[in-house]
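*Asks:* What follows is a structure written as structure tokens; I'll ask about it next.
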Amino acid sequence: MTATTSKDLSSAPAVETIGVAKRYPSGVEALSGIDLRIEPGEIFALLGPNGAGKTTWISIVCGLARATGGSARVLGLDVVKDALAARRVVGLVPQEINFDPFFKVREVLRFQQGYFGVRRDDARIDEILAALDLTAKADAGTRELSGGMKRRLLIAKALVHAPRVVFLDEPTAGVDVNLRRDLWDYVRELRRRGTTIVLTTHYLEEAEALADRVGVIDKGKLLVLDTPGALLARHGARRIKIKLAAPLTALPAELAALGATLEPGGLELSCPVATPGLPAPPANGQPAPAEIRRVIAAVAALDASIAVTDLRTEQPTLEQVFMALVGHRKGAAA
Amino acid sequence: MNVIGWKTLIAKESRRFMKVPGQTILNPVINTALYFVVFGYALGGYLRELDGVPYIRFIIPGLIMQSIIQNSLLNTASSLFVSKLQGTIIDLLLAPLTAFEVVSAYVVAALARALTVAVLVWLVASAFTSFHVAHPAHALGFALGVGVVFALGGMVVAIASNNFEQLNLIPAFVITPLTFLGGVFYSPHALPRPWSTITRANPILYMVDGLRYGLIGRSDTNPNLGLAIVVGTAAVLGSIVYAMLHSGYKLRT
Ligand SMILES: Nc1ncnc2c1ncn2[C@@H]1O[C@H](COP(=O)(O)OP(=O)(O)OP(=O)(O)O)[C@@H](O)[C@H]1O
Ligand SMILES: [Mg+2]
């Protein structure tokens with residue numbers, strides 16, 4: 001590592017790709033120019049349907065794949081020109097699970113520590129094992145682990161050398177609900193200690209719960225890049241849902257003016273309302289509380305013979321955002 | 001240099017074969033000992049002499065060289081190819097290890113295995129004959145040098161191969177025939193006219209003959225020419241492996 005690069009470390013973005021493109025030898029254009037800048041200490045979620053190019057982008061940043069265009073840096077270190085220095089600060093949890101069946105869990109972590117030039121530190125290994133709930137399996141062979149345990153060992157492996165930037169490519173695939181929550185807590189804890197985290201996931205509530213910012217890519221292009229809140233405001237909508245005991249045949253004018261719609265069958269009204277603190281969806285420009293009053297008033301004005309059986313609000317979710325952006329695509333799955 | 005990383009890779013690669021010693025050490029030792037017993041004793045070889053050397057002593061260096069070639073080649077080729085196939089190779093590709101560190105660590109581990117087998121074979125064979133070593137420096141030089149050559153060769157083959165069929169191509173159709181035709185069981189003089197000359201194009205001949213010079217002091221070729229061939233081959237193969245790992249050929253997509 002040269003003097004200039006170590007000076008840059010403090011101010012440089014954690015990850016920066018400029019126009020990164022990848023065309024595989026097979027001819028597949030997996031990435032067509034991705035500009036992305038991730039700040040130190042951020043939790044960043046990269047979302048996109050299968051085949052969008054998420055793993056390819058991560059592979060380029062981690063040095064596993066060569067970009068066919070553009071450049072990538074980690075903490076200011078070029079992943080090609082400063083490859084060794086860049087690799088030292090990166091930890092990757094790959095999407096594919098694979099272990100050498102010869103070795104035990106603790107051995108795997110010791111080798112990993114060693115590869116990164118870290119002196120053998122069993123206390124650190126015990127800490128990681130405990131954090132990932134693998135203490136009981138420390139002396140088991142990797143073949144003896146369940147799928148979710150293997151995934152957690154993969155995470156332990158990526159973290160054992162205390163990397164400053166961690167890439168988690170679908171870290172919670174196959175991990176049960178309890179451990180997934182624990183893992184989220186651990187990811188937040190890592191961030192508190194200053195680690196930058198980049199994750200991909202198909203569980204959108206995971207991105208919503210964890211990420212400071214979200215990027216959505218599809219067919220190798222970055223579609224949006226923003227905080228979950230801003231994305232929700234732009235693409236999602238909060239709705240009041242009202243269930244009726246008897247069907248309405250037509251939408252009353254007052255409700256239509258508020259942007260409400262009648263679900264097929266006439267038994268449910270759905271009316272968009274703004275989320276406090278966020279700009280209102282385009283259909284109505286009023287502050288939320290006033291709108292809710294107007295919706296209730298309009299419902300109260302309905303024919304008295306029509307009973308209201310349920311009233312709830314539906315919060316906007318990243319899933320709606322995701323579907324709005326890429327959901328049109330045939331076969332697109334979150 | 002990432003010394004800890006380098007030592008770790010050597011330890012890991014050595015532990016790989018030490019976890020299955022029956023397969024990686026004992027099996028080759030027994031196989032070679034069987035050759036020794038069958039060709040040296042059972043076929044009456046102990047009665048014959050070849051240029052004044054008892055036949056049983058004549059074949060020992062060749063058998064040792066054969067086990068060095070096979071075990072160094074097999075160690076790197078199988079370890080690297082399997083990790084490529086299983087995907088565990090990404091541990092190496094992500095680690096801050098230079099191409100030189102990776103190559104040398106694999107070679108050191110392969111040497112550990114090949115020389116363990118070689119020494120055991122030599123001990124068994126010497127127990128039947130004699131523990132005398134004619135030129136220890138040459139013996140050691142050829143054993144180490146040839147181990148390096150074939151450890152490097154195993155890496156080239158493992159990286160270049162896309163499947164088991166290709167992995168076995170060079171060892172089965174080039175290395176094994178050249179080893180058998182490399183004067184393990186006979187002196188090249190013993191062959192009829194054109195063959196005794198053609199056989200001199202076989203580099204393994206010089207390796208077998210060189211170790212024979214080192215162990216029993218007898219050779220048909222110049223041992224220093226043999227050492228030059230070993231060093232030259234190691235340099236060529238070493239450069240190829242280095243270039244492959246450095247560029248990420250067939251390893252980084
Ligand atoms: N080694 C490879 N050789 C050729 N094409 C590849 C290779 N790896 C990926 N691709 C192609 O590149 C595109 C992007 O794949 P990538 O694995 O980056 O997607 P992804 O967003 O990670 O998808 P998923 O959510 O399924 O993991 C796909 O069309 C895929 O078929
Ligand atoms: Mg992927």
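*Asks:* Pick out the one residue from B:57, B:113 that is closer than 20 Å to residue B:220 by Cα, charged (D, E, K, R) and in a helix (DSSP H, G or I).
*Replies:* B:57
Here is a yes/no grid of residues against (1) of a type in the set (Val, Ile, Thr); (2) touching a residue at least 60 places away in the same chain (Cβ under 8 Å):
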| site | (1), (2) |
| --- | --- |
| B:55 | no, no |
| B:60 | yes, yes |
| B:82 | yes, no |
| B:100 | no, yes |
| B:103 | yes, yes |
| B:109 | no, yes |
| B:117 | yes, yes |
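*Asks:* Are any residues in the range A:115-133 out of contact with any Lys or Arg (no Cβ under 7 Å at 6 or more places or on another chain), buried (at least 21 other Cβ atoms within 10 Å of the Cβ) and facing another protein chain (nearest Cβ under 10 Å), and if so, which ones?
*Replies:* A:115
*Asks:* Separate question: Could you tell me which numbered condition residue A:112 fails, if it satisfies all but one of (1) open to solvent by 20 Å² or more (accessible area, probe 1.4 Å); (2) farther than 27 Å from residue A:323 by Cα; (3) assigned to a helix (DSSP H, G or I)?
*Replies:* (1)
*Asks:* Same structure again: Which one is surrounded by the fewest Cβ atoms within 10 Å (Cβ to Cβ), of the residues in the range B:24-39 that are more than 12 Å from chain A (Cβ to nearest Cβ) and among the polar types (S, T, N, Q)?
*Replies:* Of everything passing the filter in the range B:24-39, B:27 is surrounded by the fewest Cβ atoms within 10 Å (Cβ to Cβ).
*Asks:* While we're looking at this one, here's another question. Considering only the range A:169-187, I want to know if a residue exists there that is surrounded by 22 or more Cβ atoms within 10 Å (Cβ to Cβ), within 14 Å of chain B (Cβ to nearest Cβ) and touching a residue at least 24 places away in the same chain (Cβ under 8 Å).
*Replies:* yes
*Asks:* So residue A:156 clears everything in (1) over 28 Å from the mean Cα position of the chain (by Cα); (2) within 14 Å of chain B (Cβ to nearest Cβ); (3) of a type in the set (Gly, Ala, Ser) except one condition, right? Which one?
*Replies:* The failed condition is (1).
*Asks:* Just one of (1) more than 9 Å from chain B (Cβ to nearest Cβ); (2) open to solvent by 10 Å² or more (accessible area, probe 1.4 Å); (3) closer than 19 Å to residue A:38 by Cα trips up residue A:136, so point out which.
*Replies:* Single failed check for residue A:136: (3).
*Asks:* Assuming residue A:184 fulfils every condition listed in (1) within 16 Å of ligand 2 (Cβ to nearest atom); (2) not in a strand (DSSP E or B); (3) not β-branched (Val, Ile, Thr) apart from one, which condition is it?
*Replies:* (1)
*Asks:* Right, another one. Does the range A:191-200 contain any residue that is more than 16 Å from ligand 2 (Cβ to nearest atom), within 14 Å of chain B (Cβ to nearest Cβ), crowded, with 16+ Cβ neighbours inside 10 Å and assigned to a loop (DSSP other than H, G, I, E, B)?
*Replies:* no
*Asks:* Does the range B:78-98 include one or more residues that are away from every other protein chain (no Cβ under 14 Å) and modelled with pLDDT of 90 or more?
*Replies:* no
*Asks:* Tell me yes or no: at least one residue of the range A:59-76 is within 14 Å of chain B (Cβ to nearest Cβ) and of a type in the set (S, T, N, Q).
*Replies:* yes
*Asks:* Related question: Report, ordered by the first and then the second residue, all pairs with beta carbons closer than 7 Å, sequence separation of six or more or different chains, a first member in the range A:40-55 that is within 14 Å of chain B (Cβ to nearest Cβ) and near ligand 1 (Cβ under 9 Å from one of its atoms), and a second member that is in a loop (DSSP other than H, G, I, E, B) and open to solvent by less than 10 Å² (accessible area, probe 1.4 Å).
*Replies:* A:53/A:220
*Asks:* Could you tell me whether any residue of the range A:202-217 is under 28 Å from residue A:49 (Cβ atoms), over 14 Å from the mean Cα position of the chain (by Cα), within 16 Å of ligand 1 (Cβ to nearest atom) and open to solvent by less than 50 Å² (accessible area, probe 1.4 Å)?
*Replies:* no
*Asks:* Let me spell it out: the conditions are (1) in contact with a Lys or Arg (Cβ under 9 Å, 6 or more places away or on another chain); (2) open to solvent by less than 20 Å² (accessible area, probe 1.4 Å), and residue B:150 meets all of them except one. Which number is the exception?
*Replies:* (1)
Every residue, every condition in (1) at pLDDT 80 or above; (2) touching a Pro at 6+ places or on another chain (Cβ under 8 Å); (3) buried (at least 16 other Cβ atoms within 10 Å of the Cβ), yes or no:
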position	(1), (2), (3)
A:274	no, yes, yes
A:279	no, no, no
A:288	no, yes, yes
A:295	yes, no, yes
A:298	yes, yes, yes
A:302	yes, yes, yes
A:306	yes, no, no
A:309	yes, no, no
A:312	yes, no, no
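*Asks:* I've got another one for you. Determine which member of the set A:28, A:80 is hydrophobic (A, V, I, L, M, F, W, C), within 16 Å of ligand 1 (Cβ to nearest atom) and more than 23 Å from the chain's Cα centre (by Cα).
*Replies:* A:28
*Asks:* Scan the range B:159-188 and report the pairs whose first residue is more than 30 Å from residue B:219 (Cβ to Cβ) and whose second residue is open to solvent by 80 Å² or more (accessible area, probe 1.4 Å), with Cβ atoms within less than 7 Å and a gap of 6+ or a chain change.
*Replies:* B:159/B:249; B:159/B:250; B:160/B:250
*Asks:* Hand me the list of helices (runs of 4 or more DSSP H) wholly inside the range A:1-103 holding 3 or more residues that are open to solvent by 40 Å² or more (accessible area, probe 1.4 Å) and away from ligand 2 (no atom under 16 Å from the Cβ).
*Replies:* A:3-8
The values are calculated or read from the model by the stated rules, or taken from the named source; none is laboratory data. Predicted, not measured: the structure shown is a model, and the values here were computed from it. With ideal geometry, Cβ positions are generated from the backbone for all residues, glycine too; neighbour counts draw on all protein chains shown. Surface accessibility is based on the protein's heavy atoms, side chains included, excluding ligands, DNA and RNA. Shrake-Rupley method; radii C 1.70, N 1.55, O 1.52, S 1.80 Å.
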